[in-house]
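Student: Submitted below is the structure of interest, expressed as structure tokens.
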Amino acid sequence: MKLPPLWKITRELKRPLAQLKLLPSRIGTYVFGNKYYDWFLAKNSRCTEGRALPSPRIAVYLIFPSQGVLASHIEALQYLISRGYAPLVVSNLPLPEADRARVLDLCWLCLERANYGYDFGGYRDGILLARDKAAQIDCLVLLNDSSWFPLPGAQDWLAEAERTGLDFTGAVSNYGHARVDPEDFRSIRWSYTTSHRNFHYCSFALMMSGRLMADPKFIKFWERFPLTSDKKVTVRRGEIGLSQWITSSGYSHGMTSDPSDLDQRLAELSHEDIKAAVRGAVFLDRPRLDALRERLLADDASAEDLTAFLLTAVAIQGASYVQPDLMRRLYGAAFLKKSPCWLDEKGSETTIRFARTLSGDFGAVIAREAEILRREKAPGFPAI
């Protein structure tokens, strides 16, 4: 029997020790995190009424405006209003007067809060505020500014999500397939399912029905949601925890860009197209994937091998990160993640080049903001 590589054995041995060190603080935040926020931090929150009309369709739009309120924030708010949604802006930073005035022109309510609990802390406040202030909720959307949206040339995500008729709709999901070691990429057999233990709907775009919002158990989920300043724990309790609650509670659920048939869609591409997709894939701090990609491209690998490699990368990292251009072309995906602009040099270059292909004024806005993010958050990256 072939033994796993030494690096893998070492990683697995270290993992429980690392988890053990974090256990006391994680237990503390699980028990007291939301109480600490509700009793101490929430009293400093500021809620202001905006000029947009209320609506039974509400969009909680979470922002973290470290560079101020941007043109892309304004575009997102205008999009929400144009589709009949009342934007409830949650800012995880206090807003300067000028920025607050810009936001209030385009929202129903604006809540400024402490950045505790990351996006799920803000979503929690937004959902509970909407429940308290709205006369009726037929539909509630959660969105955040970790992505640019709506992408030019993509689907109208709100319309597509409404069209599903589901109680819970995401834009896309991650980890619906077991991870495959990159070197074993040829062994992958694509079988994407919501029952995988780490499956979750990505939190940057979620839509919930009025039926779900009227369920006291769902509201209780948010009231009891354990807040923490640990980002990894927030992902596990938030994205994974929420998705597991939905999938186990009998509510209908799905997504507008469902990667369960990604293998079939990739198989329809030409050899040149799949080669371009592999060349343009984004890997965030994944040197083994990067090295394997270069080897496959240098060897002029077959379309079958390139497809298996791309599916392996999606299983490891998630479709919305790995290939935003392909997701837009194959599924009409309307979101472009921002974090590759500063987390990975090659990923940054790929994201910016893709942004530069987007049409119209908003395409130019996205490209410009992507370039600024690279320059300011990753000053060591060379200019493109």
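The values are calculated or read from the model by the stated rules, or taken from the named source; none is laboratory data. The model shown is predicted, which means the values in this text are computed figures rather than measured ones. Every residue, glycine as well, gets a Cβ built from its backbone with ideal geometry; the counts of neighbours run over all protein chains shown. We work out accessible area using only protein heavy atoms, side chains counted, and drop any ligands, DNA or RNA first. Shrake-Rupley method; radii C 1.70, N 1.55, O 1.52, S 1.80 Å.
Student: Could you please put Lys337, Lys35 in sequence from largest to smallest accessible area, using a 1.4 Å probe?
Tutor: Values: Lys337 25, Lys35 85 Å².
Putting Lys337, Lys35 in descending order of accessible area: Lys35, Lys337.
Student: Among Ala98, Met213, Ser82, which residue has its Cα positioned farthest towards the positive end of the charge dipole of the chain, with +1 placed on the Cβ of Lys and Arg, -1 on the Cβ of Asp and Glu, and the dipole taken about the Cα centre?
Tutor: Checking the options against the dipole of the chain, the answer is Met213.
Student: Let me ask something additional. Write down the percent of antiparallel bridges among all DSSP beta bridges whose residues are both part of the chain, to the nearest 5.
Tutor: Details: 16 of 35 bridges.
Taking every DSSP beta bridge with both residues in the chain, the antiparallel ones total about 45 percent.
Student: Rounded to whole Å, give me the distance from the Cα center of the range 242-305 to that of the range 95-150.
Tutor: 32
Student: Next question, about the same structure. Could you give me the ³J(HN,Hα) list for the range 190-202, computed from phi with Karplus coefficients 6.51, -1.76, 1.60 and θ = phi - 60°, whole Hz, x at Gly and Pro?
Tutor: Result, ordered by residue: 5, 8, 8, 8, 6, 8, 4, 5, 9, 4, 7, 6, 5 Hz.
Student: Shape verdict for the range 260-346, please, from the Cα gyration tensor: rounded (a/c under 1.5), prolate (a/b greater than b/c) or oblate.
Tutor: Values: a/c = 1.82, a/b = 1.09, b/c = 1.66.
Oblate shape, in that a/c is at least 1.5 and b/c is the bigger or equal ratio.
Student: Test of understanding: in a Gaussian network model of the chain with alpha carbons linked when under 10 Å, which of Leu336, Leu41, Leu310 would top the mean-square fluctuation ranking?
Tutor: It is Leu41.
Student: For Cα pairs less than 8 Å apart in space and 6+ apart in sequence, what is the mean separation divided by the residue count of the range 66-130, i.e. the relative contact order in percent?
Tutor: Numbers: 70 pairs, mean separation 21.8, N = 65.
Relative contact order, the range 66-130: 34 percent.
Student: Which Cα, out of Thr169, Leu41, Ser339, lies furthest along the positive dipole direction of the chain (beta carbon charges, K/R +1, D/E -1)?
Tutor: Toward the positive end, the furthest listed residue is Leu41.
Student: Turning to a different aspect of this structure: For Cα pairs less than 8 Å apart in space and 6+ apart in sequence, what is the mean separation divided by the residue count of the range 24-140, i.e. the relative contact order in percent?
Tutor: Working: 190 pairs, mean separation 40.6, N = 117.
Once normalised by length, the contact order is 35 percent.
Student: On to the next question. Mind grabbing the accessible area of Ser146 for me, 1.4 Å probe, Å², rounded to tens?
Tutor: 40
Student: What is the extension gain from Phe40 to Lys217, computed as 0.36 nm multiplied by their sequence separation minus the C-alpha to C-alpha distance, in nm to one decimal? Please list the in-between numbers first.
Tutor: Working: separation 177, 0.36 × 177 = 63.72 nm, distance 2.53 nm.
Gain in length upon complete extension: 61.2 nm.
Student: Given contacts defined as C-alpha pairs under 8 Å and at least six residues apart, what's the relative contact order of the chain, whole-number percent?
Tutor: Details: 626 pairs, mean separation 68.1, N = 384.
Relative contact order comes out at 18 percent.
Student: Pick out which of Ala135, Ala42, Ala281 has the largest mean-square fluctuation in a Gaussian network model of the chain, springs linking Cα atoms closer than 10 Å.
Tutor: Most flexible of the set in this elastic network: Ala135.
Student: Ok, one more. How would you classify the range 35-145 from its alpha-carbon gyration tensor, with a ≥ b ≥ c the square roots of the eigenvalues: rounded for a/c under 1.5, else prolate if a/b is greater than b/c, otherwise oblate?
Tutor: On the way: a/c = 1.68, a/b = 1.14, b/c = 1.47.
Verdict is oblate for the range 35-145.
Student: GNM, the chain, Cα, under 10 Å: largest mean-square fluctuation among Leu306, Leu140, Leu70?
Tutor: The residue that fluctuates most here is Leu70.
Student: Can you work out the Karplus-derived ³J(HN,Hα) for every residue in the range 106-112? Use 6.51 cos²θ - 1.76 cosθ + 1.60 with θ = phi - 60°, whole Hz, and x for glycine or proline.
Tutor: 10, 9, 7, 9, 10, 10, 9
Student: Rolling a 1.4 angstrom probe over the protein heavy atoms, how many square angstrom per residue are accessible across the range 293-379? It would help to have the intermediate numbers written out before the result.
Tutor: Details: 3390 Å² over 87 residues.
About 39 Å² of surface per residue is accessible.
Student: Hey, another quick one. Heavy atoms of the protein only, probe of 1.4 Å, neighbouring chains included. What is the accessible area of Thr193 in Å², nearest 10?
Tutor: 50
Student: In what order, largest first, do His200, His253 sit by accessible area if the probe radius is 1.4 Å?
Tutor: Numbers: His200 5, His253 55 Å².
Result of the area sort, largest leading: His253, His200.
Student: Just order 360-366, 267-273, 171-177 by mean Cβ neighbour count inside 10 Å, highest at the front, would you?
Tutor: Numbers: 360-366: 16.4, 267-273: 12.6, 171-177: 24.0.
Top of the packing list down: 171-177, 360-366, 267-273.
Student: Right, here's the next one. With a 1.4 Å probe and every protein chain kept in, tell me what percent of the accessible surface of the range 204-322 is carbon plus sulfur.
Tutor: Values: 2380 of 4950 Å².
Its accessible area is 48 percent carbon and sulfur atoms.
Student: Within 13 Å, Cβ to Cβ, of Leu330, how many net charges do the neighbouring residues add up to if Lys/Arg are +1 and Asp/Glu are -1? All intermediate terms of the calculation are to be shown ahead of the outcome.
Tutor: On the way: positive: Arg265, Arg328, Arg329; negative: Asp258, Asp261, Asp263, Glu268, Asp273, Asp325.
Surrounding charge for Leu330 is -3.
Student: Sticking with this structure for a sec: Return the sequence-ordered ³J(HN,Hα) values of the range 245-250 in whole Hz as given by the Karplus equation 6.51 cos²θ - 1.76 cosθ + 1.60 applied to θ = phi - 60°, using x for Gly and Pro.
Tutor: So the Karplus estimates, Gly and Pro as x, are 4, 5, 5, 9, 9, x Hz.
Student: Which entries in Lys338/Lys377; Lys133/Lys220; Lys346/Lys377; Lys275/Lys346; Lys275/Lys338; Lys43/Lys217 show an alpha-carbon gap greater than 20 Å? Don't skip to the end; give the middle numbers.
Tutor: Values: Lys338/Lys377 11 Å; Lys133/Lys220 17 Å; Lys346/Lys377 15 Å; Lys275/Lys346 17 Å; Lys275/Lys338 24 Å; Lys43/Lys217 25 Å.
Result: Lys275/Lys338; Lys43/Lys217 exceed 20 Å.
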